[in-house]
Amino acid sequence: MLVNKVPARLGSSVGSGDLIELDQREFRVQAASPGHRTLIYHKPEGEVTTNSDPEGRRTVFDRLPRLKEGRWISVGRLDLNTAGLLLLTTDGELANRMMHPSGGVDREYLCRIRGAVSEEQIQQLLTGVELDDGPARFSDIVPGEVTGGHSWYTVVILEGRNREVRRLWEAVGAQVARLKRVRFGPVFLPPAVRPGRYQELSPEDHRVLREDAGLPPQPIELLLQPMSIRAAGKAPPQRRGKG
């Protein structure tokens with residue numbers, strides 16, 4: 001047997017697009033399905049992160065591409081008035097791993113705070129404050145510009161509790177005027193992706209995302225597509241395998 005014109009050896013692997021020659025026949029390796037898909041979506045303010053809304057508000061799923069198989073799963077949520085990066089995937093295993101608190105996946109937000117914030121308030125937020133659902137803190141706070149009576153900060157948090165970033169600021173007497181998520185784990189919100197738009201990750205990026213989450217590569221079902229026709233005029237049946 002030859003793989004891409006080279007004799008196959010024990011342990012040789014093949015992937016989609018490879019050429020196999022067996023018993024004087026040629027086969028092209030093809031993926032039986034496109035595999036899982038993952039999107040970066042730039043959520044604007046005013047959209048809800050649910051499949052439907054009883055109040056008739058627009059949901060993030062209204063703008064997503066339709067799927068022939070599977071469904072889009074939101075990796076965490078953003079509240080109505082929070083904008084920015086939202087990951088959506090058809091890979092339930094990946095979504096669960098990234099959302100689970102034990103994964104320690106960090107989230108980075110850009111915050112615009114009304115008025116000034118003292119150093120004492122910053123230290124409280126880094127040390128930890130008590131919220132109604134338990135203690136919480138920012139793992140990092142980077143100050144930015146002070147403009148028009150507002151202070152800008154970039155903060156990092158390791159959890160995804162409901163409205164946690166806003167509640168942390170409120171716990172020290174600060175008020176959030178604007179909140180935008182700019183990173184989720186290793187994924188950043190690309191500047192070119194405007195509000196209400198999305199960008200699909202490549203299969204390689206999806207594989208890296210699974211690897212970063214501590215998940216093994218997902219097996220892909222492959223087909224052997226015959227490259228020639230039998231003398232009787234019929235193609236031999238496709239052969240299936242796992243790759």
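Hey, among GLY76, GLY35, which residue is within 30 Å of MET1 (Cα to Cα) and surrounded by 14 or more Cβ atoms within 10 Å (Cβ to Cβ)?
Exactly one residue qualifies, and that residue is GLY35.
For the stretch 73-120, how many residues meet the condition of being more than 16 Å from PHE138 (Cβ to Cβ), in contact with a Gly (Cβ under 7 Å, 6 or more places away or on another chain) and assigned to a loop (DSSP other than H, G, I, E, B)?
Residues that pass the stated criteria total 5.
Taking the stretch 159-178 only, how many residues are over 25 Å from the mean Cα position of the chain (by Cα), part of a helix (DSSP H, G or I) and not charged (D, E, K, R)?
The number of residues fulfilling the criteria is 2.
Looking at ARG166, ARG178, which is the one that is surrounded by fewer than 18 Cβ atoms within 10 Å (Cβ to Cβ), more than 16 Å from VAL75 (Cα to Cα) and out of contact with any Asp or Glu (no Cβ under 7 Å at 6 or more places or on another chain)?
Numbers: ARG166 fails: surrounded by fewer than 18 Cβ atoms within 10 Å (Cβ to Cβ).
So the residue among ARG166, ARG178 that is surrounded by fewer than 18 Cβ atoms within 10 Å (Cβ to Cβ), more than 16 Å from VAL75 (Cα to Cα) and out of contact with any Asp or Glu (no Cβ under 7 Å at 6 or more places or on another chain) is ARG178.
As an exercise: evaluate VAL156 against (1) assigned to a strand (DSSP E or B); (2) modelled with pLDDT under 95; (3) closer than 16 Å to LEU85 by Cα and give the number of the one condition it does not meet.
(2)
Restricting attention to the stretch 33-49, which residues are closer than 19 Å to LEU179 by Cβ and assigned to a loop (DSSP other than H, G, I, E, B)?
Answer for the stretch 33-49, where residues must be closer than 19 Å to LEU179 by Cβ and assigned to a loop (DSSP other than H, G, I, E, B): PRO44, GLU45, GLY46, GLU47, THR49.
Scanning the stretch 203-242 for residues that are aliphatic (A, V, I, L, M) and touching a Leu at 6+ places or on another chain (Cβ under 7 Å), which turns out modelled with the highest pLDDT?
The extreme case among them is LEU209.
Tell me whether the stretch 17-29 contains one or more residues that are outside any strand (DSSP E or B), in contact (Cβ under 8 Å) with a residue 12 or more places away in the chain and not basic (Lys, Arg).
yes
Which residue out of ARG137, ARG166, ARG178, ARG161 is modelled with pLDDT under 95, on the phi < 0 side of the Ramachandran plot and not polar (S, T, N, Q)? First the steps, then the outcome.
Numbers: ARG137 fails: modelled with pLDDT under 95; ARG166 fails: modelled with pLDDT under 95; ARG178 fails: modelled with pLDDT under 95.
After applying the criteria, what remains is ARG161.
Tell me, which residue of the stretch 121-135 that is among the acidic types (Asp, Glu) and outside any strand (DSSP E or B) is surrounded by the fewest Cβ atoms within 10 Å (Cβ to Cβ)? Break it down into steps so the answer makes sense when it comes.
As a first pass, look at the stretch 121-135 and keep what is among the acidic types (Asp, Glu): 130, 132-133.
Those still in the list that are outside any strand (DSSP E or B) too: 132-133.
On the way: ASP132: 6, ASP133: 10.
My answer is ASP132.
The values are calculated or read from the model by the stated rules, or taken from the named source; none is laboratory data. What you are looking at is a predicted structure, and each value in this text was computed from that prediction instead of being measured. All Cβ positions, even for glycine, are placed from backbone atoms using ideal geometry, and neighbour counts span all protein chains on display.
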